[in-house]
Amino acid sequence: DTGTTATAATTHIGPRSILPFSPDCPHVPKPQQDQTTMSGRASGQVKNRAPAPIQISAEQILREAAERQEQHQLDPITKVHDAEEYQSFLRDRRKNFEDNIRYRREHIGNWVKYAKFEEDNKEYERARSVFERALEVEHRSPELWLRYAEFEMRNEFVNRARNVLDR
């Protein structure tokens, strides 16, 4: 509050029009009165204006925040020794992907990661199946259509990529 009050003020309606109005006008918002707390002080007042005995810089705050962050945990590297163990690994990963999809069907990232996993394992028919299932859920997503076409082109299935883009 500046300590001055006006009995009449002006408002700008358009780029050049200035009209006088009364502060009692119902269309003009009233300035809010200071809210008092239970202690009787206004809520906007500072309790203690003295400087803190220990000053902390923004750099120190950022450094401490970086130190307290949890480190990103990478999946452990799995060493596969035979075909049966490899099939078990694939089955477990597929189950995890299916659980993620069941949990959040509309999240495109889960579908794309699943399809990428199948592509990395040279299971192209499975990857196509994942993309087709994703399109049943979210057929209006341009990102999903592009990822599907890119998958087909990346693996040199040009005619299939054309078919995807034509749809």
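The values are calculated or read from the model by the stated rules, or taken from the named source; none is laboratory data. Predicted model only: the values in this text are computed from it and were never measured. Glycine gets a Cβ as well: all are built from the backbone with ideal geometry, and neighbour counts include every protein chain shown.
State yes or no: is E152 surrounded by 15 or more Cβ atoms within 10 Å (Cβ to Cβ), outside any loop (DSSP other than H, G, I, E, B) and touching a Phe, Trp or Tyr at 6+ places or on another chain (Cβ under 8 Å)? Break it down stepwise before answering.
Working: surrounded by 15 or more Cβ atoms within 10 Å (Cβ to Cβ): yes; outside any loop (DSSP other than H, G, I, E, B): yes; touching a Phe, Trp or Tyr at 6+ places or on another chain (Cβ under 8 Å): no.
So E152 does not fit the description; no.
Any chance segment 78-94 includes a residue that's surrounded by 15 or more Cβ atoms within 10 Å (Cβ to Cβ) and not aliphatic (A, V, I, L, M)?
Of the residues in segment 78-94, the ones surrounded by 15 or more Cβ atoms within 10 Å (Cβ to Cβ) are 90, 93-94.
Of the ones still in play, those that are also not aliphatic (A, V, I, L, M) are 93-94.
Yes, segment 78-94 has at least one match.
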| query | Which condition number does F131 fail, the rest of (1) over 28 Å from A161 (Cα atoms); (2) modelled with pLDDT of 90 or more being met? | reply | (1)
| Are any of the residues in segment 83-92 hydroxyl-bearing (S, T, Y) and either in a helix (DSSP H, G or I) or within 27 Å of the chain's Cα centre (by Cα) (or both)? | yes
